[in-house]
1. Restricting to the stretch 24-77, what's the tally of residues that are farther than 19 Å from residue 89 by Cα, without any contact (Cβ under 8 Å) to a residue 12 or more places away in the chain and acidic (Asp, Glu)?
2. Quickly run through the stretch 56-91 and pick out the residues that are surrounded by fewer than 16 Cβ atoms within 10 Å (Cβ to Cβ), within 18 Å of the chain's Cα centre (by Cα) and in a loop (DSSP other than H, G, I, E, B).
3. Scan the stretch 39-55 for residues that are part of a loop (DSSP other than H, G, I, E, B) and either in contact with a strand residue (DSSP E or B) (Cβ under 8 Å, 6 or more places away or on another chain) or outside the structural domain of residue 89 (by TED's automatic domain parsing) (or both) and report the count.
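The values are calculated or read from the model by the stated rules, or taken from the named source; none is laboratory data. In this text, all values refer to a predicted model and were calculated from it rather than measured experimentally. Don't worry about glycine lacking a Cβ; one is built from the backbone with ideal geometry, like all the others, and counts go over all protein chains shown.
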Amino acid sequence: MITRHEFGTQKAGTQWANRCVIRAHVWSRVRRWFVMRSPERTISPNSKMTVRDYIERCIEWGSEGSLDEAEKLAAGNAELLRRIAAKRSPP
């Protein structure tokens with residue numbers, strides 16, 4: 001935080017510039033995350049887990065709710081939808 005006495009000094013300018021760089025980096029990461037293709041996209045900009053990994057976990061859990069969520073996220077992916085349907089059907 002810039003104090004009143006530091007305002008207008010080089011230190012204040014450097015702190016302001018650092019904050020701008022950090023904000024630009026955060027928004028750049030969010031923009032990249034937003035335009036990524038769905039299966040390769042992570043579940044949030046700061047996550048390491050991809051949507052596909054999350055769908056796989058939902059299928060493994062096998063509860064009705066997790067399979068419903070997996071089905072919504074896997075829309076358009078025939079292989080994942082087939083696996084979800086197989087998990088729903090009784091053995």
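1. Here the count works out to 1.
2. Answer for the stretch 56-91, where residues must be surrounded by fewer than 16 Cβ atoms within 10 Å (Cβ to Cβ), within 18 Å of the chain's Cα centre (by Cα) and in a loop (DSSP other than H, G, I, E, B): just 75.
3. Result for the stretch 39-55: 6.
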